[in-house]
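Values in this text are rule-based calculations from the coordinates and carry no lab data. Just so it is clear, the structure is predicted and the values come from calculations on it, not from any experiment. Because the Cβ atoms are built from the backbone with ideal geometry, glycine has one as well, and the counts that use them run over all protein chains shown.
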Amino acid sequence: MKRHLEIKIFGKVQGVLFRASAKKKAEELSLFGYAKNLTDGTVEIQAEGERKDLDEFLKWCREGPDRASVERVDFEFSDAISGFEGFEIS
């Protein structure tokens with residue numbers, strides 16, 4: 001069953017290819033959604049897919065790409081599917 005995952009990542013996560021790396025990881029896991037920088041310096045990710053794939057993606061988000069320094073990850077799962085097509089960077 002597909003689930004929705006909302007993630008907010010804190011730390012040094014902008015200007016370090018976090019969104020591009022998240023897109024690559026999401027596509028490897030067949031997840032749909034988007035990643036975007038927020039004005040407060042965080043990255044917001046909305047992702048949809050199978051729970052096991054979302055769990056693996058969330059684990060990756062806690063580390064991020066090499067140049068990132070993740071301090072905290074807030075997240076929430078839900079059953080509300082938005083029906084994304086692909087994974088976008090905005």
Residues with beta-carbon under 13 Å from that of residue 81, excluding residue 81: net charge, scoring Lys, Arg +1 and Asp, Glu -1? -2
Zone of residue 81 (label point 7 Å along Cα→Cβ, backbone N under 19 Å): which residues in the stretch 13-45? 26-34
Can you give the three extents of the C-alpha atoms in the stretch 2-72 along their principal axes, from longest to shortest, in whole Å? 30, 22, 18
If each residue of separation counts as 0.36 nm, what is the full-extension length gain between residue 59 and residue 36 once their alpha-carbon separation is subtracted? 6.4 nm
